[in-house]
Amino acid sequence: INAASKRMQNLITSLLNYSLTSTAQITYTPTDLNQVLKEVMNNLREMIEDNAVTIEVSTLPALAVIPHQLNQLFYNLISNAIKYRKRGTTAVIKISAALIQVSELPSGQIFPGDAYWRISIADNGIGFEQQYADRIFELFQRLHPRVEYEGTGIGLAICKKIVQNHQGFIKATGEKN
């Protein structure tokens, strides 16, 4: 009963977070993403230390964003990288940013403007089969049973919504192991 009620609490919290990305007032504020990431890593410090995770970060840009949403985005992506790490291997997460041109965007993913920031988060985790790349960003979609990995199947859907709120898109590439 306790485990079921904890899962229900997590589900309700996740659904509230998802709905807030759709209904929250959108105010873009010039924000140093390095500071946002620093705050997220501080909030995840115990998880990072307990799992001996190495995080390599290159300099991130300062952009007009919704700060609490970018905090949520980084938190979800980094905590997922930690959760789905390969056992018996030192987990390494690499975070980088690059200014790219319109010609470097996948077709059908173009928004107004000449240049875009690509923010990448890469890890050496368990991976996934590429055929599931789009599915992982849909609500309640999981690739692994709850008994193997905790979660509600909402975290990456929240990430997708946050990135869309910032006139961007999110994609994943991976391979098993």
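The values are calculated or read from the model by the stated rules, or taken from the named source; none is laboratory data. Please read these numbers as outputs of a predicted model, since none were measured by experiment. Cβ placement follows ideal geometry from the backbone for every residue including glycine, while neighbour counts extend to all protein chains displayed. Accessible surface is based on the protein model in full, side chains and every heavy atom, while ligands, DNA and RNA are left aside. Shrake-Rupley method; radii C 1.70, N 1.55, O 1.52, S 1.80 Å.
A compact table of results
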{"quantity": "Residues within the stretch 44-61 that are closer than 10 Å to residue 74 by Cβ and within 15 Å of the chain's Cα centre (by Cα), tallied", "calculated": "1"}
{"quantity": "Residues (of a type in the set (Asp, Glu) and at pLDDT 75 or above) located in the stretch 113-124", "calculated": "123"}
{"quantity": "Flag if residue 59 is within 24 Å of residue 113 (Cβ to Cβ), out of contact with any Leu (no Cβ under 6 Å at 6 or more places or on another chain), open to solvent by 90 Å² or more (accessible area, probe 1.4 Å) and at pLDDT 95 or above", "calculated": "yes"}
{"quantity": "Filter pass, residue 49 being touching a residue at least 12 places away in the same chain (Cβ under 8 Å), part of a helix (DSSP H, G or I) and either open to solvent by 80 Å² or more (accessible area, probe 1.4 Å) or in contact with a Lys or Arg (Cβ under 6 Å, 6 or more places away or on another chain) (or both)", "calculated": "no"}
{"quantity": "Residue in the stretch 24-31 that is modelled with pLDDT of 95 or more, within 22 Å of residue 117 (Cβ to Cβ) and outside any helix (DSSP H, G or I) present", "calculated": "yes"}
{"quantity": "Matching residues, the stretch 125-177, being at pLDDT 75 or above, open to solvent by 50 Å² or more (accessible area, probe 1.4 Å) and not charged (D, E, K, R)", "calculated": "130, 164, 167, 169, 173, 177"}
{"quantity": "Any hit, the stretch 84-98, residues being open to solvent by 40 Å² or more (accessible area, probe 1.4 Å) and touching a helix residue (DSSP H, G or I) at 6+ places or on another chain (Cβ under 8 Å)", "calculated": "no"}
{"quantity": "Looking only at the stretch 73-83, and only at residues there that are open to solvent by less than 60 Å² (accessible area, probe 1.4 Å) and touching a Leu at 6+ places or on another chain (Cβ under 9 Å), the one that is farthest from residue 30 (Cα to Cα)", "calculated": "82"}
